[in-house]
1. Among all residue pairs at least 6 apart or on different chains, which show Cβ distances below 7 Å where the first residue, located in the stretch 244-269, is modelled with pLDDT of 90 or more and the second is assigned to a loop (DSSP other than H, G, I, E, B)?
2. Failed condition for residue 187, given (1) at positive phi; (2) outside any loop (DSSP other than H, G, I, E, B), with all others met?
3. Of all residues in the stretch 265-281 being over 23 Å from residue 27 (Cβ atoms) and touching a Lys or Arg at 6+ places or on another chain (Cβ under 9 Å), which is surrounded by the most Cβ atoms within 10 Å (Cβ to Cβ)?
4. Pick from the stretch 282-301 the residues that are small (Gly, Ala, Ser) and surrounded by fewer than 17 Cβ atoms within 10 Å (Cβ to Cβ): which of them is modelled with the highest pLDDT?
5. Do you know which residues across the stretch 251-289 are assigned to a helix (DSSP H, G or I), under 28 Å from residue 155 (Cβ atoms) and out of contact with any strand residue (DSSP E or B) (no Cβ under 6 Å at 6 or more places or on another chain)?
6. Need the failing condition index for residue 279 against (1) touching a Phe, Trp or Tyr at 6+ places or on another chain (Cβ under 7 Å); (2) at pLDDT 95 or above; (3) farther than 25 Å from residue 47 by Cβ; (4) not basic (Lys, Arg), just the number.
7. Does the stretch 224-240 contain at least one residue that is among the hydroxyl-bearing types (Ser, Thr, Tyr) and closer than 23 Å to residue 39 by Cβ?
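The values are calculated or read from the model by the stated rules, or taken from the named source; none is laboratory data. Because the structure is a prediction, the values reported are computed rather than measured. So basically every Cβ, Gly included, is an ideal-geometry build from the backbone, and we count neighbours across all protein chains shown.
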Amino acid sequence: MYQGKRVLVIGIGGGGDIIGCIPTAEFLKSIDAKPIIGGLTWKRDKHDPFAWPRPSIHFSDVEPNKTIWYVNEKTRVIGPKAPETGTQIETVLVPHVKYPIVAIDISHGVNAVSTEINEFCKSEGIEGVVGIDVGGDVLCKGDEKTIRSPICDQLMLAAITKMDNSVIGVAGIGTDGELPLKDFKKRFLQVEKGYLGAISIPDGILDMINNILSLDDIGTESSREYIRYVAGVKEAERKHYEDIMNKDSPAEFIDKIIGSHKKISLRDGKRIGELCELTTLTMFFKPDEIYRANLFSSYIEKHESVTSLREYMIGIGLKTEPS
C-alpha cells in the first residue's frame, strides 16, 4: 500500500505517542517508503504547564498560523507557561531520528485539522497517512467507564477517516489504562473486517527507541511502559505473535491470551494498565471501520473547537483531557 511512497505517521493521542510512531516509521523505511513522523502539541501538565493544544505561534523557528508544521533542533516553546526546558518531545527527537518531524495543533476541531493536513500532504507529496495510538483507547466505543482522554484520539480518528490511503495503528495495547483487554476483545470483533495486520519490533529498533527514552525531556508514560514490556519479550517471540496476528483468524489468538495478563499502575495509581503478548505489537485497522462503530461519530464533527467538544463530552458524562 505504501511501498516507495512518502507517508505521514502521526501519534494521535497527544503526549508521547510520537514514540509509538517509530516502529511503523522504521517498517515503512524497510519497504522503501519515506516516513515523516509527528505528534500533537497537547501535552499533560506534568510535561507542559499549558496543558492544552499549543498553536504554532507558541513556537520559535516554525511557520506561524498553521495547524501542522515542521519542527527543527532550534524550535522552542516560547508561548505562555512554557516548560522550563522550552521543549516538547517532538523537538527533542529531531536529532535522534532520520526522518522529518511535524507538530499538529488540534484546537480548531476535526474539519480544520483534516483540511489542513490534507493540504499539507498535497504540498509535500505525501501519499498516505497513518495514525498511531499508544494504548488502544482509539478503539473505545464511547461508553466505557475507563475512558479518561478521548478527545485527542477520537478527533484525530475522525480527521484521518476523511483522508485517502489512511490507516489507524494501535501500539502497546493496554498501556494507557483506558481500554481493558476484555473490552478490546469485544471491540476487535466489532471492527475485525477492518483489521489489516500487525508488526512487531526487531531488537535493533528496540535498542534505538530505548536510547531515545533515556534522553532528558522525553515525557511519556504509556509509550515508556509499552517499550519496557516489549524489551522483556524475546525478539523471536514477538515475531511469533506478529505471525499469528497476520493469519486468517487472529480473534482466536486474542481469546486465548487476554485472560493471562500483567497489571501495571499508571498516573500515580489513578489508572491500571493490562499488558499481554498483544502489547508487543502494532495492529493496523481501516479508520472508517473503527469510526463508524463508535458513539463519538454521531457528534464529534459538529464541534469547531476542542473547547466546544470538551464541554459537550463533559456534559454527557465523559471524563476528558486534561486528566
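1. 245/281; 266/177; 266/221
2. Only one criterion in (1) at positive phi; (2) outside any loop (DSSP other than H, G, I, E, B) is unmet by residue 187, namely (1).
3. The initial filter retains those residues of the stretch 265-281 that are over 23 Å from residue 27 (Cβ atoms), namely 265-274.
Still in the list and also touching a Lys or Arg at 6+ places or on another chain (Cβ under 9 Å): 265, 267, 270-274.
Numbers: 265: 12, 267: 16, 270: 10, 271: 20, 272: 14, 273: 28, 274: 20.
The residue in question is 273.
4. Within the stretch 282-301, the first condition is being small (Gly, Ala, Ser), and the residues that meet it are 293, 297-298.
Now drop any that are not surrounded by fewer than 17 Cβ atoms within 10 Å (Cβ to Cβ), which leaves 293, 298.
Values: 293: 94, 298: 97.
Among those residues, the one meeting the criterion is 298.
5. We begin by selecting, within the stretch 251-289, every residue assigned to a helix (DSSP H, G or I); these are 251-257, 277-280, 287-289.
Then keep just the ones that are under 28 Å from residue 155 (Cβ atoms); that gives 254, 278-280, 287-289.
Matches in the stretch 251-289: 254, 278, 279, 280, 288, 289.
6. (3)
7. Quick first cut of the stretch 224-240, residues among the hydroxyl-bearing types (Ser, Thr, Tyr) only: 226, 229.
Subset that is closer than 23 Å to residue 39 by Cβ: 226, 229.
Checked the stretch 224-240: at least one residue is among the hydroxyl-bearing types (Ser, Thr, Tyr) and closer than 23 Å to residue 39 by Cβ.
Conditions tested, residue by residue: (1) assigned to a helix (DSSP H, G or I); (2) surrounded by 17 or more Cβ atoms within 10 Å (Cβ to Cβ); (3) under 19 Å from the mean Cα position of the chain (by Cα); (4) of a type outside the set (D, E, K, R).
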position	(1), (2), (3), (4)
1	no, no, no, yes
23	yes, yes, yes, yes
27	yes, yes, yes, yes
38	no, yes, yes, yes
42	no, yes, yes, yes
48	no, yes, yes, no
52	no, yes, yes, yes
57	yes, no, no, yes
